[in-house]
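Enquirer: After the structure tokens below, expect a handful of questions from me.
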Amino acid sequence: MFVCLTHQVRSAEDGGLDKLDNCALILAVLAALAVQVSAASVRAPFSTIPQTYLTFEIEGLSDQWVLMSASGEAAHYVSGDISLGLKLEKLAEQTILHVQLKAPVSRKVAVKSYSAKIVLPRASLHAVMVPNQHKIARLLDYWGEHHKWPDDVPLYRNLISENFRQAAPTNAEAPFILITDERGFNKVAVGWAAAERGSVLEGAVDGESYVLTLERREDLPFDGWRFKDALIFDTSKRPWIEVEEDYARTFDRYNGRKHEPIPEWATEPVYCTWYCYGDKINQEGVLKIAQKCKELGFGTILIDAGWDCHPNGGYIDFENGILGDYVARPDRFPDMPGLVKEIHDMGLRVMLWCAPFWEGKKSRAYQEKTSSWHMRDADGNELHELCPKHPEVRKHLFERFAWVAKTYDIDGMWIDAADAVRGTCYANHPHTEESMGRAFVQCLSAVRSGLRSVKPDAITEARVMHANLNTKDVLDVVQPSDAPYSYEVLRLAGIHLRPWAYDCQVKNDPMIWGKKADAATVGKFLATMVCSGVPALSVDFLTAPEEHCTLTKMWLKFYKEHKETLLKGKFVLFGEDFGSPDMMLVGRDEAVVYVKNPATKKVELPKTVGRITLLNCTNSDRIELAFTPVPRKMSATAYYPDWSPAGEKVIMEDGKLDCKVPQGGAVVLEVQ
Ligand SMILES: [Zn+2]
């Protein structure tokens with residue numbers, strides 16, 4: 001596929017556009033016949049894609065594009081001495097519109113911005129599924145505004161009756177919009193193909209139309225005699241999640257990307273110190289909880305914020321903070337290498353939290369070396385973040401993280417707060433030539449290669465927004481943002497990772513529940529957790545009721561027994577409400593089916609399997625479902641949330657299940 005696409009791209013350049021130069025002599029003849037278009041804007045003259053207008057803001061461009069030639073698949077325009085080539089490529093369900101600008105060799109072209117405007121008939125459009133920053137992805141913003149985590153959020157961003165506008169810089173989003181019908185099937189999906197360029201995405205009601213705009217505008221004008229990007233269209237009626245994954249795959253091929261294999265240990269269940277202990281952590285406490293976690297079945301301990309800064313918010317403190325040195329606090333972690341060794345000796349891995357762009361003014365790094373490397377805003381104010389475009393920063397990050405790996409022998413870093421980096425830096429310090437987006441990804445890459453220069457199987461992990469399609473190549477594990485007390489919001493936010501992170505390891509954000517939670521509630525948290533990628537919890541098991549520890553141990557055992565299906569099975573959404581869908585993971589000969597909506601009455605399996613584990617996360621103690629294709633005669637055994645049997649075995653003969661299943665528990669169907 002990769003070869004095929006790049007070949008197609010090349011043929012658009014060489015076969016199509018180079019011919020344009022040879023056409024210069026007949027320009028005068030054609031000009032008389034040519035259609036003139038509005039200033040610097042053209043409508044792509046193709047009937048096989050939605051109505052699309054392209055606009056370019058180019059230095060020195062005359063005010064018109066003149067159409068030189070057009071066929072069903074290609075069109076050539078000129079404006080002054082700049083040419084614009086459009087070429088369609090059909091790729092299975094997608095149609096790709098290749099866009100290329102070319103200037104004479106004697107002069108460089110500075111493209112300040114460019115945009116695509118797509119006009120769609122509103123009828124039959126229902127919801128904007130992607131982009132999806134509010135509120136499902138930007139959960140920390142929600143917390144900042146409301147001081148609580150959202151209780152309920154639909155999977156889609158907004159209905160088509162509403163407008164939206166969203167910045168999509170490289171450290172926050174992909175340049176992609178997808179609109180569904182009222183059942184969650186794709187109607188129209190469109191996205192740019194070139195990676196690491198900042199974008200702004202918009203949708204607006206305009207009479208009977210819904211108008212999408214995907215504008216690309218970086219702080220650095222694109223410069224070069226040949227400039228290209230492509231729009232990827234998909235109007236096939238398929239589940240939205242499949243269409244988005246196809247977009248991500250084409251995006252990766254277009255940019256020549258292939259994810260490196262992810263170390264197997266990245267699939268080990270993670271215990272995180274954050275939600276139960278905050279930044280008030282110390283060596284003795286971490287060791288104690290690690291011992292307990294070993295007993296419960298965790299494989300990795302994540303020492304979150306607080307290990308290298310002052311407690312009570314020191315991690316976020318620019319003026320008086322010490323972040324940036326990566327030195328374990330001697331008062332609370334007198335012997336970090338010793339602690340890591342003790343945890344390693346238990347057979348567990350250890351990860352540390354970091355915010356690589358944040359650096360406090362009281363750090364040694366700032367005082368001695370990096371004070372002029374910080375970003376500044378338009379008013380000249382110095383910011384907390386190191387500037388990704390400063391040429392020294394990536395070398396600095398490489399060295400620091402090689403040092404961290406060597407000094408503490410840790411196995412990976414959990415990268416935080418990188419989505420706070422702004423798109424433009426106004427500091428009067430040197431900047432590299434590339435765009436901010438590209439520089440940002442290069443800095444994240446330096447973190448990983450620094451770690452791996454010492455520990456070849458070290459991993460990097462990050463949450464959205466800075467974990468996204470642009471950055472995933474330098475990340476191994478990706479997860480949603482924070483909603484620790486709501487398994488449902490985390491579940492839905494996690495669904496949005498799957499299509500673009502098809503080649504990374506998906507994980508849930510560490511969950512926590514109340515100390516008084518009953519078994520059904522804890523069971524629902526844990527059932528959701530095992531269906532959302534690598535398990536992660538942040539419960540204080542040292543003070544939790546024994547029942548919570550038992551439940552956790554049993555569900556981590558379930559995860560290990562069904563890991564192949566849970567992590568590598570085909571992920572399918574179904575059910576009565578696509579805004580809060582039910583879901584399943586279908587493996588070689590088993591399916592794990594997660595039911596949330598009591599109104600769902602049908603389960604359509606993509607194939608017959610020998611074993612179906614149905615997890616009851618509804619608010620009903622009875623499950624009534626019809627399976628297709630109708631399985632062979634199966635026995636059904638219900639289980640309590642702690643996986644002890646609940647009631648007698650019943651036989652399911654005609655594919656119709658109707659039995660009592662405890663909430664937060666399960667029913668296992670097995671071929672007789
Ligand atoms: Zn800068």
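The values are calculated or read from the model by the stated rules, or taken from the named source; none is laboratory data. Source: prediction; values computed, not measured. Positions of Cβ are backbone-derived with ideal geometry, glycine not excepted, and every protein chain shown enters the neighbour counts.
Enquirer: Residue pairs, Cβ under 9 Å, 6 or more apart or interchain, first in region 283-294 and without any contact (Cβ under 8 Å) to a residue 12 or more places away in the chain and closer than 9 Å to Ile343 by Cα, second of a type in the set (Ser, Thr, Tyr) and crowded, with 16+ Cβ neighbours inside 10 Å. List them.
Expert: Partner pairs satisfying both residue conditions: none exist.
Enquirer: Going through region 624-670 one residue at a time, which ones are on the phi > 0 side of the Ramachandran plot, surrounded by fewer than 20 Cβ atoms within 10 Å (Cβ to Cβ) and at pLDDT 95 or above?
Expert: Matches in region 624-670: Trp643 only.
Enquirer: Only one residue in Asp252, Asp246, Asp223, Asp234 is more than 21 Å from the chain's Cα centre (by Cα) and of a type in the set (Asp, Glu). Which one?
Expert: Only one candidate qualifies: Asp223.
Enquirer: Please determine whether any residue of region 552-575 is modelled with pLDDT of 95 or more, in a loop (DSSP other than H, G, I, E, B), of a type in the set (D, E, K, R) and more than 23 Å from Gly297 (Cα to Cα).
Expert: no
Enquirer: Look through region 405-434, keep the residues that are of a type in the set (S, T, N, Q) and in contact (Cβ under 8 Å) with a residue 60 or more places away in the chain, and return whichever of them is farthest from the ligand (Cβ to nearest atom).
Expert: Per the stated criteria, the residue is Thr407.
Enquirer: Follow-up question, since we're still on this one. Is it true that some residue in region 518-530 is crowded, with 19+ Cβ neighbours inside 10 Å and part of a loop (DSSP other than H, G, I, E, B)?
Expert: For region 518-530, residues crowded, with 19+ Cβ neighbours inside 10 Å and part of a loop (DSSP other than H, G, I, E, B): absent.
Enquirer: If you don't mind, another one. Tell me, please, whether a residue that is modelled with pLDDT under 95 and within 16 Å of the ligand (Cβ to nearest atom) can be found in region 483-490.
Expert: Looking for residues that are modelled with pLDDT under 95 and within 16 Å of the ligand (Cβ to nearest atom), one finds none in region 483-490, hence no.
Enquirer: Based on what the data block shows, is Phe298 outside the structural domain of Cys354 (by TED's automatic domain parsing) and touching a residue at least 40 places away in the same chain (Cβ under 8 Å)?
Expert: Against the criterion (outside the structural domain of Cys354 (by TED's automatic domain parsing) and touching a residue at least 40 places away in the same chain (Cβ under 8 Å)), Phe298 does not qualify.
Enquirer: Every residue in region 363-395 that is more than 18 Å from Val447 (Cα to Cα), charged (D, E, K, R) and away from the ligand (no atom under 13 Å from the Cβ), please.
Expert: Arg364, Glu368, Lys369, Asp379
Enquirer: Related question: Could you check Glu244 against (1) farther than 24 Å from Asn171 by Cα; (2) buried (at least 19 other Cβ atoms within 10 Å of the Cβ); (3) charged (D, E, K, R) and say which number it fails?
Expert: (1)
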